1. Tell me which residues, restricted to the stretch 13-32, are buried (at least 23 other Cβ atoms within 10 Å of the Cβ) and either part of a loop (DSSP other than H, G, I, E, B) or within 16 Å of ligand 2 (Cβ to nearest atom) (or both).
2. Among the residues that make up the stretch 417-430, is at least one of them within 16 Å of ligand 1 (Cβ to nearest atom), surrounded by 17 or more Cβ atoms within 10 Å (Cβ to Cβ) and either basic (K, R) or assigned to a helix (DSSP H, G or I) (or both)?
3. Step by step: first the residues of the stretch 197-218, then only those that are part of a loop (DSSP other than H, G, I, E, B) and more than 15 Å from ligand 2 (Cβ to nearest atom), then the one that is farthest from I182 (Cα to Cα). Which residue is that?
4. So in the stretch 161-186, with the set limited to residues that are surrounded by 21 or more Cβ atoms within 10 Å (Cβ to Cβ) and more than 21 Å from the chain's Cα centre (by Cα), which one is nearest to ligand 2 (Cβ to nearest atom)?
5. With respect to F88, is the statement that it is in a loop (DSSP other than H, G, I, E, B) and surrounded by 14 or more Cβ atoms within 10 Å (Cβ to Cβ) true?
6. May I ask you to verify whether A376 is more than 16 Å from the chain's Cα centre (by Cα), at positive phi and at pLDDT below 90?
7. Which condition breaks for T437 when tested against (1) under 19 Å from the mean Cα position of the chain (by Cα); (2) in a loop (DSSP other than H, G, I, E, B); (3) within 15 Å of ligand 1 (Cβ to nearest atom)?
8. Quick check on my filter: what residues within the stretch 368-416 are polar (S, T, N, Q) and either in contact with a helix residue (DSSP H, G or I) (Cβ under 6 Å, 6 or more places away or on another chain) or surrounded by fewer than 22 Cβ atoms within 10 Å (Cβ to Cβ) (or both)?
Amino acid sequence: MIQTVEMKNITKRFPGVLANDCVNLDVCAGEIHALLGENGAGKTTLMKILYGMYRATEGEIFINGARADLRSPADALAHGIGMIHQHFQLVPGFTVVENVALGLKSSRGPLTDLDVVSRRMRELAAQYGLNVEPNALVWQLAVGQQQRVEIIKALYRDASLLILDEPTAVLTPQEVTEFFDILRRLRDAGNALIFISHKLYEVMAISDRVTVLRDGRVVGQVNTRETNQQELARMMVGRDVITHWDKPTTTQGEVVLEIQNLGVPNDKGLNAVKKFSLKVRAGEILGIAGVSGNGQRELAEAIAGMRRVSSGTIRVSEKIVTNQSPAQIISSGVAFIPEERMAMGVVREFSVAENAILETHAHPPLAQRGVFNFAAINEHCTKLVREYDVRTPSLDTPVKSLSGGNIQKLILARELDRAPRVLVAAQPTRGVDIGATEYIHKKLLEQRANGTAILLISEDLEEVRALSDRIAVMYEGEIVGIVPSDTSVEELGLMMAGARRNL
Ligand SMILES: Nc1ncnc2c1ncn2[C@@H]1O[C@H](COP(=O)(O)OP(=O)(O)OP(=O)(O)O)[C@@H](O)[C@H]1O
Ligand SMILES: [Mg+2]
């Protein structure tokens, strides 16, 4: 069992970036240690060093007092360190138990082994509340359950320090509550946990200690009991952060987005959106609240032309855009911030500049009669990166080496800069730090003031309530009610579970 892990004077340099600068971090058995910091502060890098994925440029790691040389994740696991990544590394076509068994050395036949694995899995499930059906296929599981499989996999390999990099970013509010129960049980059984999150209330609720990183350096370490959200925010960002917005009243214009009787199938061919009708006016933010998986994603993708509609119509201004191509829909003035930003929002191998002009590159002033104007492109991208505070060493850096939050800021910059008529924003602040969240909220309200019709899809009820003019609650592909933005969280919660309200 791991008693203590100490990272001493860890420095990590990437070309042009000092990701970690002489960082000291210690974690002990029986504690949940939160790691906090803005996008690009160096949290994931530090954890990848601890998990043997990166080599530190300088510095040492001590486990239970002895110096450890962690050259690979296999080394780290052998020392009892496990990491649950934000993007799971499971084989979708395998069962849960096959995934857990994958890569384990087996001396006997595979069948016997799977029985053993299955039995041990049930023990772990009972001990920590990690309930998953061993024989279920991974692709059929909800995201929250896949995460449990990852945790079981690490525990099965005797990890007693678990690194959790933004685990709650993919969970619904209800799932987070259950997840925290699991974390507490793991801690109380003597495991050590490192927990990364941008949500300060989560850090306050679950952690015992907090280490704050800024620009790769440790700027503070506190006992959770002796701090509060305000202080943590100040440590992270170096100033006070506005978490509540007073929406100015705006005059709403004509209906710009009109959806009528829409039906949209999901990947399995079942109707995820059913008989869905909605109007959004210029200068209005219409919030869509709902537990994820109730058709929000399919709705957003249908509007953006990335998913075919089986019935109904989508109208943008005077034009019917149902089942048009994404390019046609973009040219009708629709901007889209997808929920699956890593997969749908960027080309990971492309540079920051290339991604920033993905959709506008063929038009003046960036190109004239098919010829790129490199000076104009450069100027445009420099402006976007500066205005939206995208932290990148250069415009030529491949997007895949940016921190998660900075990739999101880049997409936002690109989409909002087009001054769209209709903006569909799905979970726009997920995985984004508090400073950037403040900024994104400000930008959305600016777009609203400029007359954009905004569809804001978010699971963060505080966000929806703060920004929306009206809130539509979605359940099983339908709207169960449209209510004013000051509707209480409790009331919204009931509607999200399917309780109908008068339209
Ligand atoms: N493989 C890499 N190559 C080059 N630079 C990298 C690489 N990985 C990270 N960086 C840079 O190191 C810095 C720290 O990134 P890191 O991913 O650790 O931040 P983070 O704190 O996890 O941010 P976020 O909250 O956005 O996830 C960033 O400037 C990032 O661009
Ligand atoms: Mg990160």
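1. Result: A19, N20, V23.
2. For the stretch 417-430, residues within 16 Å of ligand 1 (Cβ to nearest atom), surrounded by 17 or more Cβ atoms within 10 Å (Cβ to Cβ) and either basic (K, R) or assigned to a helix (DSSP H, G or I) (or both): present.
3. That would be D208.
4. Filtering the stretch 161-186 for residues that are surrounded by 21 or more Cβ atoms within 10 Å (Cβ to Cβ) and more than 21 Å from the chain's Cα centre (by Cα), the one nearest to ligand 2 (Cβ to nearest atom) comes out as L161.
5. Considered against the rule, which asks whether it is in a loop (DSSP other than H, G, I, E, B) and surrounded by 14 or more Cβ atoms within 10 Å (Cβ to Cβ), F88 comes out as yes.
6. It is false that A376 is more than 16 Å from the chain's Cα centre (by Cα), at positive phi and at pLDDT below 90.
7. (2)
8. Selection gives Q368, N373, N378, T382, T392, S394, T397, S401, Q408.
The values are calculated or read from the model by the stated rules, or taken from the named source; none is laboratory data. All of these numbers come straight from a predicted model, not from anything done at the bench. Don't worry about glycine lacking a Cβ; one is built from the backbone with ideal geometry, like all the others, and counts go over all protein chains shown.
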